[in-house]
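The values are calculated or read from the model by the stated rules, or taken from the named source; none is laboratory data. Keep in mind that what you see is a predicted model, and the values were worked out from it rather than measured. No Cβ is skipped: glycine too gets one built from the backbone with ideal geometry, and neighbour counts run over all protein chains shown.
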Amino acid sequence: MTYRKIIFVCTGNTCRSPMAEAAFRAELKKRKIKWYSVRSAGLNAIPGDRMNEKSKTALTEARIAYSDKFAARTLTEKMIKDAYAVICMTESQRERLKKYPNVTSVYALAGREIPDPYGQEIDVYRTTLRRIRKCIPRMLENLKIIDEWGNPISDDKKE
């Protein structure tokens, strides 16, 4: 089975996109959807940076698994071209990548931007994670991963 790659993108790949990656992966697992792989990257990431501690805390409190070995990575053209979908946290990030047809945003898929919590209090990170999680069902539907009734659309049902 060939996995379709989904990449969440933010600025530094230490706060929002790692939370989105973990939350989206958890939702796919909960729904028993196995034909997608989920990663994240940053437009201005410092490769190897660790996930922000407050992002880890928000994920832990929400009982969402993440890798202790998470390391930030910079988004590359190859990553974009190999992906089924590249999902930016904001419209301005999407705008920077508009030449690629598979690049979209949380706003385009679910009607909401995900502001950067970097440098703010833990409650802002919790709110950011809640916003991401609230958007996931609409993202799944608009990416044609689930149908309008919430049922998985398997690979053999896709064009």
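Yes or no, residue by residue, for (1) within 20 Å of Glu21 (Cβ to Cβ); (2) assigned to a loop (DSSP other than H, G, I, E, B):
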position	(1), (2)
Thr104	yes, no
Pro115	yes, yes
Asp123	no, no
Met139	yes, no
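Taking the options Asp156, Asp68, name whichever one is modelled with pLDDT under 95 and closer than 18 Å to Gly12 by Cα.
One residue alone meets the criteria, Asp68.
Restricted to the stretch 100-159, and to residues that are among the acidic types (Asp, Glu), surrounded by 14 or more Cβ atoms within 10 Å (Cβ to Cβ) and over 13 Å from the mean Cα position of the chain (by Cα), which residue is nearest to Ala83 (Cα to Cα)?
Among those that are among the acidic types (Asp, Glu), surrounded by 14 or more Cβ atoms within 10 Å (Cβ to Cβ) and over 13 Å from the mean Cα position of the chain (by Cα), it is Glu141.
Name the residue, out of Ile136, Ile153, Ile145, Ile87, that is under 23 Å from Lys34 (Cβ atoms), in contact (Cβ under 8 Å) with a residue 24 or more places away in the chain and touching an Asp or Glu at 6+ places or on another chain (Cβ under 6 Å).
None of the other options fit; the residue is Ile136.
Using the structure shown, decide if Ile33 is touching a strand residue (DSSP E or B) at 6+ places or on another chain (Cβ under 6 Å), crowded, with 21+ Cβ neighbours inside 10 Å and in contact (Cβ under 8 Å) with a residue 24 or more places away in the chain.
No: the conditions fail for Ile33.
Can you tell me which of Glu61, Glu77, Glu91 is surrounded by fewer than 18 Cβ atoms within 10 Å (Cβ to Cβ), touching a strand residue (DSSP E or B) at 6+ places or on another chain (Cβ under 9 Å) and of a type outside the set (Phe, Trp, Tyr)?
Testing whether each residue is surrounded by fewer than 18 Cβ atoms within 10 Å (Cβ to Cβ), touching a strand residue (DSSP E or B) at 6+ places or on another chain (Cβ under 9 Å) and of a type outside the set (Phe, Trp, Tyr) leaves just Glu91.
Mind listing whichever residues of the stretch 106-123 are closer than 17 Å to Asn44 by Cβ and either of a type in the set (Lys, Arg) or without any contact (Cβ under 8 Å) to a residue 24 or more places away in the chain (or both)?
Gly119
Can you spot a residue in the stretch 44-55 that is β-branched (Val, Ile, Thr) and either more than 15 Å from Thr11 (Cβ to Cβ) or within 17 Å of the chain's Cα centre (by Cα) (or both)?
The answer is no; no qualifying residue exists.
Between residues in the stretch 45-71 that are without any contact (Cβ under 8 Å) to a residue 24 or more places away in the chain and residues that are surrounded by fewer than 17 Cβ atoms within 10 Å (Cβ to Cβ) and charged (D, E, K, R), which pairs lie under 9 Å by C-beta distance while being six or more apart or on different chains?
Lys56/Arg50; Lys56/Asp68
Out of curiosity, is Tyr66 surrounded by fewer than 17 Cβ atoms within 10 Å (Cβ to Cβ), more than 16 Å from Tyr118 (Cα to Cα) and among the aromatic types (Phe, Trp, Tyr)?
Taking the combined requirement at face value, the residue does not satisfy it.
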